[in-house]
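Peer 1: Quick one: the structure is below, and I'll ask about it shortly.
The values are calculated or read from the model by the stated rules, or taken from the named source; none is laboratory data. Owing to the predicted nature of the structure, the values given are computational and were not obtained by experimental measurement. Neighbour counts are summed over all protein chains in view; Cβ atoms, including those assigned to glycine, are modelled from backbone coordinates with ideal geometry. All accessible areas refer to the heavy atoms of the entire protein, side chains included, with ligands and DNA or RNA removed. Shrake-Rupley method; radii C 1.70, N 1.55, O 1.52, S 1.80 Å.
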Amino acid sequence: MAKRKVSFNYLFLKHEGLELSIENALSTIVTFLLSKEKIDRKQDVNSDKFAFLDNVDYDTTSEYHTMQLLFKSAKHSYRAPLLDKNTAEARDNPKTMSEGEQMKTHLLIKFKEGDAVLFLEMGNNLLTCGNIVNYLNYVLLSYNSQFEENDQRRILGKFSFEMIARDDFQEVLHGMDRVLCAEIYIDKAVLGSEVLNFSAPSEKIKENVMLTIKAERKKSIKDHIYDFVDRYNDTQSKIRRIRVTGKATNGNSSIIDTSFIVKKEFIEVQQDSDTGEYISANVFFQLMTLSNEC
């Protein structure tokens, strides 16, 4: 067994600053991509590395839909002699300059309450979340190029991602230079409170309603978020979840979410004894198990 680190991210589809529904759009472009031969799915990651989407398992039967994506990549243009660790002797490398060792990157996307949460296996020479989002956006352009400008089959927007911070919520909040936006999920019972006086039946309304708070340009709402966190921690609180988007002092943006304050960031996976590769079925099983804890 070997340990693999997992990063937690939100995957978005945004158009002109507005967040769009992502699941159907992603399913559409993935289906479009898998209809092509592998050579036509290939994209250059950089000057000496290429990647392609090899396989997808899209499950719509569970309460929360999931999509397992397997990417394969390789670095090429290098074929130095091989050294044996037991003898320190070298021999000719049988690869051609266009070949490279296969690397597999496993990721799981879980669709839950309108969010697309991306659990990504991390490691040296694996694809990053940025690589994958760039890949998806290239496929999106290719898909849209089939249609005229005003064709309703075109998918608006671009894919993007934000990493979900995994440390203590208040600690990360304190370390943020600015808080740009907060989404407060509150029990729908507040609709019938004296404040809102919402009289219509609420059976058709989801269990939680979302309050979005945004900072004015170049301002921060961090101090206000502390008040919400204090109320969230109250045993009688109607606040069910808090999601905050902010910027660190180095300018990098990140998201903290009370739904993802769990400590486990590693999975233990099985390796193929002949190739050293991680066994995909086992990696996806471990990613799925991890996602069920969130």
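Peer 1: When all protein chains stay in place, what accessible area (Å², nearest 10, 1.4 Å probe) is found for Y226?
Peer 2: Its accessible surface works out to 60 Å², give or take rounding.
Peer 1: Also, quick follow-up: Rank-order 20-27, 233-240 by packing density, defined as the average count of other C-beta atoms within 10 Å over each peptide's residues, highest first.
Peer 2: Ranking, from highest mean packing down: 20-27, 233-240.
Peer 1: Please list M122, M1 from largest to smallest accessible area, probe radius 1.4 Å, with all protein chains kept in place.
Peer 2: Descending order: M1, M122.
Peer 1: Could you give the nm distance between label points at D234 and D44, where each point is 7 Å from its Cα heading toward the beta carbon?
Peer 2: 5.9
Peer 1: How far, in degrees from 0 to 90, does helix 23-34 lean away from the longest principal axis of the Cα atoms of the chain, to the nearest 10?
Peer 2: 10
Peer 1: Please provide three numbers in whole Å: the alpha-carbon extents of the stretch 17-152 along the principal axes, with the largest listed first.
Peer 2: For the stretch 17-152, the Cα extents along the three principal axes come out at 60, 36, 28 Å.
Peer 1: Dipole size in debye (nearest 20) for the chain around its Cα centre, Lys and Arg Cβ +1, Asp and Glu Cβ -1?
Peer 2: 480
Peer 1: Which value, in Å² and to the nearest 10, is the accessible area of R243 when all protein chains are kept and the probe is 1.4 Å?
Peer 2: Probe radius 1.4 Å; accessible area of R243 about 10 Å².
Peer 1: Using just the helices of the chain, give the 222 nm mean residue ellipticity in deg cm²/dmol: DSSP H runs with n ≥ 4 each add -39,500 (n - 2.57), and the total is spread over all residues, rounded to 500.
Peer 2: -6500 deg cm²/dmol
Peer 1: Run the numbers on the chain and let me know its relative contact order in percent, using alpha-carbon pairs under 8 Å that are six or more apart.
Peer 2: Computed value for the chain: 21 percent relative contact order.
Peer 1: Taking the Cα atoms only, what angle lies between the long axis of helix 222-232 and the longest principal axis of the chain, rounded to 10 degrees?
Peer 2: Helix 222-232 sits at roughly 80 degrees to that axis.
Peer 1: Estimate the FRET efficiency between E293 and D84 by the formula 1/(1 + (r/R0)^6), using the beta-carbon distance for r and 45 Å for R0, to the nearest 0.05.
Peer 2: 0.60
Peer 1: A further question on this structure: So how long is each side of the stretch 85-192 along the principal axes, counting just the alpha-carbon atoms, biggest first, in Å?
Peer 2: 77, 49, 26
Peer 1: Could you give P(r) for the stretch 1-91, binned at 5 Å from zero, as whole percent values over all Cα-Cα pairs?
Peer 2: All Cα pairs, binned at 5 Å, distribute as 2, 9, 13, 15, 17, 16, 11, 6, 4, 4, 3, 1 percent.
Peer 1: Please build a GNM for the chain, connecting alpha carbons under 10 Å apart, and tell me which residue among F119, F147, F161 fluctuates the most.
Peer 2: Per the Cα network of the chain with a 10 Å cutoff, F147 tops the list.
Peer 1: Dividing the alpha-carbon Rg of the chain by 2.2 N^0.38 Å yields what?
Peer 2: Computed over Cα atoms of the chain, the ratio equals 1.18.
Peer 1: Kirkwood Rh and Cα-based Rg: tell me the resulting Rg over Rh for the stretch 224-292, rounded to two decimals.
Peer 2: Taking Rh as the inverse mean 1/r over Cα pairs, Rg/Rh reads 1.19.
Peer 1: When the convex hull of the Cα atoms of the stretch 117-156 is projected onto a plane and the area is averaged over all directions, what value comes out in nm²?
Peer 2: 3.7
Peer 1: If you filter the stretch 62-104 for chymotrypsin sites (Phe, Trp or Tyr not before Pro), then keep DSSP loop positions with at most 16 other Cβ within 10 Å, what is left?
Peer 2: Within the stretch 62-104, the qualifying chymotrypsin sites (Phe, Trp or Tyr not before Pro) (loop, at most 16 other Cβ atoms within 10 Å) are Y64, Y78.
Peer 1: Using a cut-off of 21 Å between alpha-carbon atoms, which lysines can reach K104, once sequence neighbours fewer than 8 places away in the same chain are excluded?
Peer 2: K3, K5, K36, K38, K42, K49, K72, K75, K95
Peer 1: Turning to a different aspect of this structure: Treating only the Cβ of Lys, Arg, Asp and Glu as charged (+1, +1, -1, -1), what charge dipole size does the stretch 1-65 show about its Cα centre? Round to the nearest 20 debye.
Peer 2: It comes to approximately 380 debye.
Peer 1: At R0 = 22 Å, how high is the FRET efficiency between N252 and M122 if r is their beta carbon distance? Nearest 0.05 is fine.
Peer 2: The calculated FRET efficiency here is 0.80.
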